[in-house]
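Engineer: Let me give you the structure first, and then I'll get to my questions.
Please treat every number below as a calculation from the coordinates, not as lab data. As the structure is a computational prediction, the values presented were derived from the model and not from experiment. Backbone-built Cβ (ideal geometry, glycine too); neighbour counts: all protein chains shown.
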Amino acid sequence: MPIPSRAALIDHLVRTRIAGAVATPRENNLDHYRKLASGDRRHWLGLELGDRWTDEQDVLAVMAERCGVSDDLAHRSGQDTIDPELTVDALERMATVLRKAAEGRQRVLLATGHPGGLLDVHHTTAKALRAAGCEIVRIPGGLRADDGVVCQFADVAVFEGGATLWHTHSPAPMATILDALAREGSPLPDLVVADHGWAGCAAQRGIETVGYADSNDPALFLAEAEGVLRVAVPLDDHVVDPRFYEPVTAYLLAAAGL
C-alpha cells in the first residue's frame with residue numbers, strides 16, 4: 001500500500017466518507033450525547049464518568065472540538081460531519097504512542113468491537129508492532145462474556161457467537177481479558193489499541209490506551225479530554241468497504257516509523 005501524503009489522505013477520507021460528510025445522521029449523534037449525559041451506561045463504554053458530563057451541551061462542545069461535529073445544538077437532524085483534519089491530527093498523535101511502544105518493545109493488546117470495519121486496521125498494526133519487537137499479548141483461552149466467546153483472531157481480540165464475529169460496544173469482553181490475565185499472574189498490557197468498550201474499559205483500568213471512535217460514540221472523546229484515554233481518533237468506524245481504511249493504516253504506521 002503506497003503511503004499517502006497528508007493532503008491525499010484527507011481527500012481519501014472525505015471521498016470515502018470515513019470523515020467529512022459521514023453516514024451517521026445528526027439525530028443519532030445527539031441521541032447518544034443525550035443518553036450519555038442522562039447516565040445511560042451503555043453509552044459510557046466502560047468509563048466512569050460520574051456526574052461530570054450531565055449537560056448535553058457540554059458533551060456536544062467536546063465533540064465539536066475533538067471530532068468536528070456541528071456545535072449548533074439547534075441543528076437537530078440531517079447531515080453531520082467529522083473533521084478530516086482532526087482525524088489526521090489524531091492519527092499522528094496515535095503514531096507517537098505506537099513509536100514509543102516499539103522503541104520500548106512493549107506488550108500490546110489490540111481489540112475491536114467493530115470487526116466488520118476495523119479488524120484489518122488492528123491486525124495490520126499488530127503485525128507492524130511485532131516486527132518492531134513488541135510482544136502482542138496472547139489472551140487466555142476459554143473466556144466468555146455477554147453470552148458470547150472472547151477470543152483472538154489475527155492477533156486481535158474479538159467477540160464471537162455462533163461462529164460469527166459480533167459488533168459490540170460492551171466493556172465486558174475487555175474486562176474479562178484483563179481479569180483473566182491477572183488471575184493467571186500474567187502482566188497486563190503496557191498499551192491497548194482498541195475501540196468501543198474495549199478501549200474504554202482498558203483506559204478506565206489505568207492502561208495506556210489509544211483508539212478509534214465514531215461521531216456517535218462520545219465517551220472516548222470525553223475520556224481523552226479528561227486525560228484518561230491517550231488518543232481518540234475520530235472516524236466513521238464502519239464504511240461500506242473495509243479496504244477504504246488501508247490508506248489510514250498506511251499513514252499511521254509510516255508516521256510511527258513502523
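Engineer: What number, in percent, do you get for the relative contact order of the chain if the mean sequence gap of Cα pairs under 8 Å and at least 6 apart is divided by its residue count?
Structural biologist: About 28 percent, as a whole number.
Engineer: Over the stretch 2-56, what relative contact order in percent results from Cα pairs under 8 Å that are six or more residues apart? Mind dumping the intermediate values first?
Structural biologist: Values: 21 pairs, mean separation 13.0, N = 55.
Worked out over the stretch 2-56, it gives 24 percent.
Engineer: When a footprinting reagent is the concern and you count Cβ atoms within 10 Å, what order do Ser70, Ser5 take, fewest first? Don't skip to the end; give the middle numbers.
Structural biologist: Details: Ser70 17, Ser5 10.
Lowest count first: Ser5, Ser70.
Engineer: Could you grab the relative contact order for the stretch 59-176? Cα pairs under 8 Å, six or more apart, rounded to a whole percent. Could you put the intermediate results ahead of the total?
Structural biologist: Values: 141 pairs, mean separation 23.0, N = 118.
Here the relative contact order equals 20 percent.
Engineer: If one computes the Cα centroid of the stretch 75-101 and of the stretch 167-222, what distance in Å separates the two points?
Structural biologist: That distance is 19 Å.
Engineer: In addition: Which of Phe159, Leu86, Ser70 sits closest to the plus end of the dipole of the chain, meaning its Cα is farthest towards the positive end, when Lys and Arg get +1 and Asp and Glu get -1 on the C-beta?
Structural biologist: Phe159
Engineer: Please work out whether the chain counts as rounded, prolate or oblate from its C-alpha gyration tensor, where a ≥ b ≥ c are the square roots of the eigenvalues and a/c under 1.5 means rounded, while otherwise a/b larger than b/c means prolate and anything else oblate?
Structural biologist: oblate
Engineer: Rank these for me by crowding, Cys134, Cys67, Cys151, going from fewest to most other beta carbons within 10 Å. Don't jump to the answer; show the numbers that get you there.
Structural biologist: Working: Cys134 22, Cys67 29, Cys151 17.
Final ranking by Cβ density, sparse to dense: Cys151, Cys134, Cys67.
Engineer: What ranking of Phe159, Phe221, Phe153 emerges when the number of other C-beta atoms within 10 Å of each C-beta is taken as an exposure proxy, fewest first? Please report the intermediate quantities before stating the final value.
Structural biologist: Details: Phe159 29, Phe221 22, Phe153 14.
In increasing order of surrounding Cβ atoms, one gets Phe153, Phe221, Phe159.
Engineer: How about the stretch 5-67: which GluC sites (Glu not before Pro) there are in a DSSP loop, with at most 16 other Cβ atoms within 10 Å of their Cβ?
Structural biologist: Working: sites: Glu27, Glu48, Glu56, Glu65; in loops: Glu48.
Listed in order of number, the matching sites are Glu48.
Engineer: Here is a follow-up. With +1 on each Lys and Arg Cβ and -1 on each Asp and Glu Cβ, how big is the dipole of the chain about its Cα centre, in debye rounded to the nearest 20?
Structural biologist: Numbers: 24 positive and 37 negative charges, 162 e Å.
Here the size comes out at about 780 debye.
Engineer: Specify whether the C-alpha gyration tensor of the stretch 16-160 places it in the rounded, prolate or oblate class, a ≥ b ≥ c being the square roots of the eigenvalues: rounded for a/c under 1.5, otherwise prolate if a/b is larger than b/c and oblate if not. Write out the running numbers ahead of the final one.
Structural biologist: Numbers: a/c = 2.08, a/b = 1.56, b/c = 1.34.
The shape class here is prolate.
Engineer: Within the chain, which is the longest segment containing none of the trypsin sites (Lys or Arg not before Pro) that sit in a DSSP loop and have at most 14 other Cβ atoms within 10 Å? Don't skip to the answer; put the middle values down first.
Structural biologist: On the way: sites that count: Arg52, Arg76, Arg105, Arg138.
My reading of the result: 139-258 is the longest stretch.
Engineer: Next up: 5 Å is the cut-off here: which amide hydrogens, built 1.01 Å from N in the peptide plane, fall below it relative to Ile136, excluding neighbours closer than 5 in sequence?
Structural biologist: Val108
Engineer: Please report the net charge: other residues with Cβ closer than 13 Å to the Cβ of Ile136, K and R +1, D and E -1. The partial results should precede the final answer.
Structural biologist: Details: positive: Arg105, Arg107, Lys127, Arg130, Arg138; negative: Glu135, Asp155, Asp190.
Charge balance in the 13 Å sphere: +2.
Engineer: With a ≥ b ≥ c taken as the square roots of the eigenvalues of the C-alpha gyration tensor of the stretch 174-256, please select rounded if a/c is under 1.5 and otherwise prolate if a/b is larger than b/c or oblate if it is not?
Structural biologist: On the way: a/c = 1.93, a/b = 1.58, b/c = 1.22.
Prolate, since a/c reaches 1.5 and a/b exceeds b/c.
Engineer: Around Ala255, under 13 Å between beta carbons, what's the net of Lys plus Arg minus Asp minus Glu among the other residues? Numbers along the way, then the final one.
Structural biologist: Details: positive: Arg6, Arg93, Arg99, Lys100; negative: Asp89, Glu92.
Result for the neighbourhood of Ala255: +2.
Engineer: Residue separation times 0.36 nm, minus the C-alpha to C-alpha distance between Ala131 and Ser5: what's the value?
Structural biologist: On the way: separation 126, 0.36 × 126 = 45.36 nm, distance 2.37 nm.
Extra length available between Ala131 and Ser5 comes to 43.0 nm.
Engineer: Also, I was wondering about something else. Collect residues whose amide H, placed 1.01 Å from N in the peptide plane, falls under 5 Å from the amide H of Trp166; neighbours closer than 5 in sequence don't count.
Structural biologist: For Trp166, whose amide H was placed from the backbone, the distant partners under 5 Å are Phe159, Glu160, Gly161.
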